[in-house]
Amino acid sequence: MLLSKLRLERFRNYKSASLTFGEGLNFLVGNNAQGKTNLLEAIFYLCHLSSPRTNNDNDLILFDSNETRIFGEIQTQYGSHELEVTIPTKGKKTAEVDGMIQNKHADFQGYLICVYFSPDDLKLVKGGPSERRRFMDLEISQVNPYYRHALSQYNKVLLQRNNLLKEGRIDSNLLDVFSEQLVETGTLIIEKRNSMLKRLNLLARLLQRRLTDLKESLLLEYVPSFVIDGDIKTAFANALKESLSEEKYRGYTLVGPHRDDFSMLIDDLDVRAYGSQGQQRTVVLALKLAELEFLKGEAGEYPILLLDDVFSEIDDIRRRKLFEIVRLNKVQTFISTANPKDLEDIVGEQRKVFEIKKGCVGVKQDVTFG
Ligand SMILES: Nc1ncnc2c1ncn2[C@@H]1O[C@H](COP(=O)(O)OP(=O)(O)O)[C@@H](O)[C@H]1O
Ligand SMILES: [Mg+2]
């Protein structure tokens with residue numbers, strides 16, 4: 001999968017920018033606060049129709065402008081496509097594929113697939129369960145439209161059910177309807193997350209071993225918010241019944257995929273509690289690379305890889321291993337860095353270097369080595 005062109009209009013600090021990317025490594029080099037992350041954010045937006053760092057789309061619009069546009073040309077195994085997103089300050093955003101407006105945003109997502117890795121991803125290990133749920137949801141959503149649908153249904157019903165639980169006199173028939181719908185969609189979510197995590201576990205295990213010269217063995221496991229003994233659906237329905245009195249007391253739903261998590265163990269010890277800083281970083285890298293393989297397995301081709309400022313955080317050995325994987329699989333990669341020195345030790349790679357300065361882009365080098 002390739003993103004060959006990107007055009008931005010009034011996006012963050014870019015008034016207008018047009019970039020043609022290479023098939024290998026694309027470096028975005030510039031000092032702090034010049035627009036490197038903004039650029040990667042725009043690419044991410046073309047994949048997910050959401051930003052990795054804000055829930056408010058208006059943040060993406062250049063100050064004092066009334067709309068922003070992101071335009072991308074992509075090549076996938078199924079052919080070339082033009083993706084375009086327009087976000088106005090007022091009203092709804094539109095998403096187009098080859099000039100056709102996609103009324104269902106879910107029909108737009110999935111054309112361009114990416115793995116995004118930033119220093120913030122350490123939250124995957126250090127943060128609370130919601131970080132890990134978001135990780136699972138984003139990954140499965142990229143390749144599974146049914147999952148995207150189930151997730152939005154689930155969240156809707158959850159909200160309705162929680163609102164009902166807050167009421168003084170609860171209509172028990174209505175509660176039953178909501179509970180049934182919650183179990184229906186929730187079961188699908190748990191099943192998908194479970195199978196994704198099983199697959200991710202095999203991949204991450206392999207990668208962790210590779211990244212640590214076979215020293216460490218990583219284990220990922222789904223941790224549901226209720227005991228699953230056999231059938232998920234029955235277990236979920238029973239768990240809801242059992243927690244009902246407490247739920248009425250608290251005014252919200254206590255069990256279900258919105259409370260689930262997954263655990264990460266190295267040699268039987270919880271990485272979150274006992275892992276060293278170095279181990280935690282390696283686990284995040286292993287998870288991200290496993291994600292790359294997982295998405296490849298699901299989509300039939302490698303996604304693009306976005307590395308925001310993580311380059312200088314990874315030590316030499318792991319960096320070399322990362323590049324081995326990227327080069328071997330011909331993964332188109334976008335790397336932002338404030339340190340041009342990072343580029344010096346990369347030889348034998350196809351690379352393109354962009355200089356980012358105050359929302360302007362200059363092509364510095366367009367070369368193929370070796
Ligand atoms: N909506 C916006 N309009 C104009 N400028 C913005 C907007 N949002 C962020 N910026 C500017 O973008 C810059 C940060 O860009 P960023 O890509 O995060 O920098 P970096 O190169 O360090 O990754 C800041 O100077 C910030 O003021
Ligand atoms: Mg940045």
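Please tell me if Ile101 is at pLDDT 95 or above and crowded, with 16+ Cβ neighbours inside 10 Å.
Numbers: at pLDDT 95 or above: yes; crowded, with 16+ Cβ neighbours inside 10 Å: no.
Judged against the criteria, Ile101 is not a match.
Do we have Phe63 as of a type in the set (Phe, Trp, Tyr) and surrounded by 15 or more Cβ atoms within 10 Å (Cβ to Cβ) here? Can you show your working first?
Details: of a type in the set (Phe, Trp, Tyr): yes; surrounded by 15 or more Cβ atoms within 10 Å (Cβ to Cβ): no.
Taking the combined requirement at face value, the residue does not satisfy it.
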TODO: State which residue is farthest from ligand 2 (Cβ to nearest atom) when the search covers only region 74-95 and only residues that are in contact (Cβ under 8 Å) with a residue 24 or more places away in the chain and crowded, with 18+ Cβ neighbours inside 10 Å.
DONE: Ala95
TODO: Hand me the list of strands (runs of 3 or more DSSP E) wholly inside region 259-370 holding 2 or more residues that are more than 21 Å from the chain's Cα centre (by Cα) and not hydroxyl-bearing (Ser, Thr, Tyr).
DONE: 261-266, 350-357, 360-368
- [ ] Please name all residue pairs, on different chains or six or more residues apart, with Cβ atoms under 6 Å, provided the first residue is in region 215-236 and is assigned to a strand (DSSP E or B) and the second residue is among the polar types (S, T, N, Q).
- [x] Leu218/Gln208; Leu220/Asn201; Glu221/Ser263; Tyr222/Asn194; Val223/Ser263
- [ ] Looking only at region 1-21, decide whether some residue is small (Gly, Ala, Ser) and at pLDDT below 95.
- [x] no
Task: Residue ID - farthest from Arg351 (Cα to Cα), chosen from residues in region 21-57 that are within 14 Å of ligand 1 (Cβ to nearest atom) and without any contact (Cβ under 8 Å) to a residue 60 or more places away in the chain - done: Asn56
Task: The lone exception for Phe11 - which of (1) within 12 Å of ligand 1 (Cβ to nearest atom); (2) closer than 26 Å to Phe323 by Cα; (3) in contact with a strand residue (DSSP E or B) (Cβ under 7 Å, 6 or more places away or on another chain) it fails - done: (2)
- [ ] Could you check, for region 66-79, whether at least one of its residues is away from ligand 1 (no atom under 14 Å from the Cβ) and touching a Cys at 6+ places or on another chain (Cβ under 8 Å)?
- [x] no
Task: Count of residues meeting criterion [more than 16 Å from ligand 2 (Cβ to nearest atom) and in contact with a helix residue (DSSP H, G or I) (Cβ under 7 Å, 6 or more places away or on another chain)] in region 298-310 - done: 5
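Considering every residue within region 61-74, establish whether at least one is among the polar types (S, T, N, Q) and out of contact with any strand residue (DSSP E or B) (no Cβ under 7 Å at 6 or more places or on another chain). Lay out the reasoning, then the answer.
Step one: of region 61-74, the residues among the polar types (S, T, N, Q) are 65-66, 68.
From the residues that got through so far, the ones that are out of contact with any strand residue (DSSP E or B) (no Cβ under 7 Å at 6 or more places or on another chain) too are none.
No - not one qualifying residue is present in region 61-74.
When you look at Ile356, is it at pLDDT 95 or above and within 16 Å of ligand 2 (Cβ to nearest atom), yes or no?
Values: at pLDDT 95 or above: yes; within 16 Å of ligand 2 (Cβ to nearest atom): yes.
Judged against the criteria, Ile356 is a match.
Sort out which residues of region 39-67 are among the hydrophobic types (A, V, I, L, M, F, W, C) and within 14 Å of ligand 2 (Cβ to nearest atom), and write them in order of number.
Step one: of region 39-67, the residues among the hydrophobic types (A, V, I, L, M, F, W, C) are 39-40, 42-44, 46-47, 49, 60-63.
Within region 39-67, Leu39, Leu40, Ala42, Ile43, Phe44 qualify.
The values are calculated or read from the model by the stated rules, or taken from the named source; none is laboratory data. All values reported here derive from a predicted model rather than from experimental measurement. Note: ideal-geometry Cβ built from the backbone for every residue, glycine included; neighbour counts use all protein chains shown.
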